[in-house]
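Data first, discussion second: the structure below is written as structure tokens.
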Amino acid sequence: MKNFVLISLSLVVILFVVFSVLAFEQKIDPKITAFNKSLSHETNKDYEKAIKELLNVYNENKDNYLINLRLGWLYYNWGLYNESKIYYENATKISPNSIEAKIGLTFPLSKLEKWDEVKKIYEQILTLDPQNYTANLRLGQYHLLRGNYSDANKYLSVSYKNYPSDYESNLSYGWTQYYIGNKKKAKELFINTLMLSPNDSLATIGYNLSQ
């Protein structure tokens, strides 16, 4: 009798677990399935299908940060930059302090050559994270290309200080030092660049000018 009771209890527990699993499977949120399928399509670079999976659940999840962020990324990779911009903007509205969404938004804006908007976004990022590598580097390069060497120095010095082995930081900061007249420092930075990227044409020109 005792064994019968134990067997019966075991069957009850097993049945409970089985039905619980089945019930869970039936209650899986559609956006989980859509998001995972979207990831699978992206691995095959099928951006159209990856986007379609998310759009199928978008109307019910317009305020979902991850879905908007991912649609911004997928449209960017598919080459539809205006659409990418829309969804990245949605993501920044849903999560105003998200640095990743702001950086993501600069991707389509750069392709659309909306440089003033890109600059503004990087400045917003620095109010949240003054040491941010990407924002300091890109703002420094923005000012360097426009001949604003004092501003370029301000941002690129931070980028270089935090990432002294970074190729872009050494190259951009090197040219900034050259233009503000600090050839000794410029030469040092161009040497670093050539150590990181042998035969780099821009670094070679800068190194020769800094002799």
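The values are calculated or read from the model by the stated rules, or taken from the named source; none is laboratory data. As the structure is a prediction and not an experimental result, all values here were calculated from the model. With ideal geometry, Cβ positions are generated from the backbone for all residues, glycine too; neighbour counts draw on all protein chains shown.
So that you can scan it fast, the table gives a plain yes or no per residue for (1) touching a helix residue (DSSP H, G or I) at 6+ places or on another chain (Cβ under 9 Å); (2) of a type in the set (Asp, Glu):
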{"site": "Val118", "(1), (2)": "yes, no"}
{"site": "Thr127", "(1), (2)": "no, no"}
{"site": "Asn132", "(1), (2)": "yes, no"}
{"site": "Asn148", "(1), (2)": "yes, no"}
{"site": "Ala152", "(1), (2)": "yes, no"}
{"site": "Ser165", "(1), (2)": "yes, no"}
{"site": "Glu168", "(1), (2)": "yes, yes"}
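Only residues that are of a type outside the set (Asp, Glu), under 21 Å from Ser98 (Cα atoms) and part of a helix (DSSP H, G or I) were counted in segment 55-83, giving 15.
Checked against the criterion of being of a type in the set (A, V, I, L, M) and crowded, with 23+ Cβ neighbours inside 10 Å, the candidates Leu126, Leu171 yield just one match: Leu171. Flag: Ser110 does not match the condition of being of a type outside the set (Val, Ile, Thr), in contact (Cβ under 8 Å) with a residue 24 or more places away in the chain and not assigned by TED's automatic domain parsing to the domain that holds Thr176.
For the residues Lys102, Lys183, the requirement of being farther than 30 Å from Ile67 by Cβ and either in the same structural domain as Glu89 (by TED's automatic domain parsing) or not β-branched (Val, Ile, Thr) (or both) singles out Lys183. Within segment 89-100, identify whether any single residue is surrounded by fewer than 22 Cβ atoms within 10 Å (Cβ to Cβ), under 25 Å from Gly140 (Cβ atoms) and of a type in the set (A, V, I, L, M), and answer yes or no. Checked segment 89-100: at least one residue is surrounded by fewer than 22 Cβ atoms within 10 Å (Cβ to Cβ), under 25 Å from Gly140 (Cβ atoms) and of a type in the set (A, V, I, L, M). When Leu55, Leu69 are checked against the criterion of being out of contact with any Gly (no Cβ under 6 Å at 6 or more places or on another chain), among the aliphatic types (A, V, I, L, M), under 28 Å from Ile28 (Cα atoms) and surrounded by 17 or more Cβ atoms within 10 Å (Cβ to Cβ), Leu69 stands alone in meeting it.
So how many residues does segment 68-114 have that are hydrophobic (A, V, I, L, M, F, W, C) and over 11 Å from the mean Cα position of the chain (by Cα)? Can you show your working first?
Restricting attention to segment 68-114, the residues satisfying the condition of being hydrophobic (A, V, I, L, M, F, W, C) are 69, 71, 73-74, 78, 80, 86, 91, 94, 99, 101, 103, 105, 107, 109, 112.
Now restrict to residues that are over 11 Å from the mean Cα position of the chain (by Cα): 71, 74, 78, 80, 86, 91, 94, 109, 112.
Looking only at that region, the number is 9.
Looking at the structure I just gave you, is Tyr207 of a type in the set (Phe, Trp, Tyr), closer than 25 Å to Gly72 by Cβ and either at pLDDT 95 or above or not assigned by TED's automatic domain parsing to the domain that holds Leu74 (or both)?
Working: of a type in the set (Phe, Trp, Tyr): yes; closer than 25 Å to Gly72 by Cβ: no; either at pLDDT 95 or above or not assigned by TED's automatic domain parsing to the domain that holds Leu74 (or both): yes.
When the stated conditions are applied, Tyr207 does not pass them.
Here is a yes/no grid of residues against (1) of a type in the set (Phe, Trp, Tyr); (2) in contact with a helix residue (DSSP H, G or I) (Cβ under 8 Å, 6 or more places away or on another chain):
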{"site": "Asn59", "(1), (2)": "no, no"}
{"site": "Arg70", "(1), (2)": "no, yes"}
{"site": "Leu80", "(1), (2)": "no, no"}
{"site": "Lys85", "(1), (2)": "no, yes"}
{"site": "Tyr88", "(1), (2)": "yes, yes"}
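Taken together, the residues in segment 138-183 that are part of a helix (DSSP H, G or I), within 21 Å of Asn208 (Cα to Cα) and free of Cβ contacts under 8 Å to residues at least 24 places away in the same chain amount to 1.
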